[in-house]
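As structure tokens, the structure follows; a few thoughts come after it.
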Amino acid sequence: MKIVPTRIPDVLVIEPKVHGDERGFFLESWNQRTFDAALGREVKFVQDNHSASGKNVLRGLHYQVAGVQGKLVRCVAGEVYDVVVDLRRSSPTFGKWVGERLSAANHRMLWVPEGFAHGYAVLSDWAEFLYKTTDYYAPQHERTLLWNDPAVGIDWPLHGEPVLKAADAAGKPLAQADTFP
């Protein structure tokens, strides 16, 4: 496993070792010891999620204010542009964002630490997205950061308007969002 730092030090790109030949490929998608060693701390995942979406669907930017979740995310079919925004007021990167292309072809994963909003846009005709979370989904604590808040300035590589659910379209801008200490 190769760990690639991003502009936000706590957000990490994880590149698993892929063994490929004429039959296809094999990779180890999860190993507790290796992951904990890479992060320098123990992480316990409690829930796995799987979503499928069509082109230009944008999901997010989601986070929970209680039962705060860390996420290990990956795209297993198609391609997405995955984005995280730092919502920790005490962080030097508060309000900053990182975006990474995750795809079935590149096998990359992204570690989204606790205290970040997370979302992605589907770049391919279809994508399937898997993620592990460090706490359970709690809809009463879910919040949505506005995907196109000019104060954050995410450069989404979209072709046309995104397909959004109503709650994502009505997300709060950073200046009004619930954030973390």
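Quick note: the coordinates plus some simple rules give every number you see, no bench work behind them. All of these numbers come straight from a predicted model, not from anything done at the bench. Cβ atoms come from the backbone with ideal geometry, glycine included; neighbour counts cover every protein chain shown.
Restricting attention to the stretch 154-179 and to residues that are small (Gly, Ala, Ser) and free of Cβ contacts under 8 Å to residues at least 60 places away in the same chain, the residue that is surrounded by the fewest Cβ atoms within 10 Å (Cβ to Cβ) turns out to be Ala166. Identification of strands (runs of 3 or more DSSP E) wholly contained in the stretch 81-181 with 3 or more residues that are under 12 Å from the mean Cα position of the chain (by Cα), closer than 22 Å to Ala52 by Cα and among the aliphatic types (A, V, I, L, M) yields 109-112. If the condition is being surrounded by fewer than 14 Cβ atoms within 10 Å (Cβ to Cβ) and in a loop (DSSP other than H, G, I, E, B), then the stretch 1-19 contributes Arg7, Pro9, Lys17.
Taken over the stretch 20-54, the criterion of being part of a strand (DSSP E or B), surrounded by 12 or more Cβ atoms within 10 Å (Cβ to Cβ) and among the small types (Gly, Ala, Ser) is satisfied by Ser51, Ala52, Ser53, Gly54.
Here is a yes/no grid of residues against (1) surrounded by fewer than 19 Cβ atoms within 10 Å (Cβ to Cβ); (2) out of contact with any helix residue (DSSP H, G or I) (no Cβ under 8 Å at 6 or more places or on another chain); (3) within 17 Å of Thr6 (Cβ to Cβ):
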site	(1), (2), (3)
Val98	no, yes, yes
Ala105	yes, yes, no
Ala127	no, yes, no
Thr144	no, no, no
Val152	no, no, yes
Pro181	yes, yes, no
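Taken as a whole, the stretch 75-89 holds no residue that is surrounded by fewer than 12 Cβ atoms within 10 Å (Cβ to Cβ) and aliphatic (A, V, I, L, M).
Pro92 meets each of the listed conditions (1) crowded, with 19+ Cβ neighbours inside 10 Å; (2) within 22 Å of Leu174 (Cα to Cα) apart from (1).
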